[in-house]
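Step one of this worksheet: look at the structure below.
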């Protein structure tokens, strides 16, 4: 069981994180709250991509969205609880401790600078030490709006895209990027069944006082109740 270690923003690489040249899946987000699909899809993606390590990085906020409902410290704790049973997962606090919303490329640069990961450009996705960035379909279709998006895929990580119900990703990605690069993006879409589960739906159920037990782990729900979140 591993809910960490929690790696602080200014810390050097912890030996508990293992070798920096491991095949690594990076999974960021606000996790507001972390739901069952977060944990199950991250585990499946890591196995499919032969990753031996999952770095889960709750964000202070998303520069392109409204502020998260729950405070950063609470979302960090919920994420640690959600991923506690996944032995490959390490929940890092390098973004939640920042005073402002962070950009993915800055976090990737920091991870490399601290010796936590090695480079993982798209030219070498099958190599030992490759780094993958797990993103949803909506993020893939919005990727060109990300800060220094080209630097991410050219020098840091290969996207691993989760399909989404009702979205024809192949056609949409080709329309967005053109035939050649669109085909490359299509090759990064994971061959998983579409999952219709989101933090928005889980949060909405909680705010209405409804039942979110089918969407959230029991331990996560217990912590939400204990801390009085999403009320």
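Please treat every number below as a calculation from the coordinates, not as lab data. Nothing here was measured: the structure is a model prediction, and the numbers come from that model. Cβ placement follows ideal geometry from the backbone for every residue including glycine, while neighbour counts extend to all protein chains displayed.
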Note down the relative contact order for the chain as a percent, whole number, built from C-alpha pairs under 8 angstrom at least six residues apart. 23 percent
Applying a 10 Å radius around every beta-carbon, put 80-87, 32-39 in order of their mean neighbour count, most first. 32-39, 80-87
Segment 45-88 pair-distance distribution - Cα-Cα, 10 Å bins, rounded %: 24, 42, 29, 6
When 181, 109 are ranked with the fewest other C-beta atoms within 10 Å first, the list becomes 181, 109
Taking the simple approach of a point 7 Å from Cα along Cα-to-Cβ for both residue 40 and residue 147, what is their distance in nm? 3.4 nm
Evaluate the distance, in nm, between pseudo-label points positioned 7 Å from the Cα of residue 193 and of residue 207 along their respective Cα→Cβ axes. 3.0 nm
Over its alpha-carbon atoms, segment 150-201 yields an Rg and a Dmax in Å of 12.3, 35
Residue 19 to residue 227: extension gain in nm, 0.36 nm per residue of separation minus the Cα-Cα distance? 71.3 nm
Helix-only estimate, please: 222 nm mean residue ellipticity of the chain, summing -39500 (n - 2.57) across DSSP H runs of length 4 or more and dividing by its residues, to the nearest 500. -10000 deg cm²/dmol
Taking segment 50-139 as the region of interest, what is the percent of Cα-Cα pairs per 5 angstrom bin, listed from the shortest bin to the one with the maximum distance? 2, 12, 20, 24, 22, 12, 6, 1
Would you kindly give the portion of the calculated P(r) for the chain that falls above 33 Å, as a percent of all Cα pairs? 12 percent
By counting other Cβ atoms within 10 Å of each Cβ, how are 164, 100 ranked from fewest to most? 100, 164
Throw me the Rg/Rh for segment 116-228, computed over C-alpha atoms with Kirkwood Rh, two decimals. 1.08
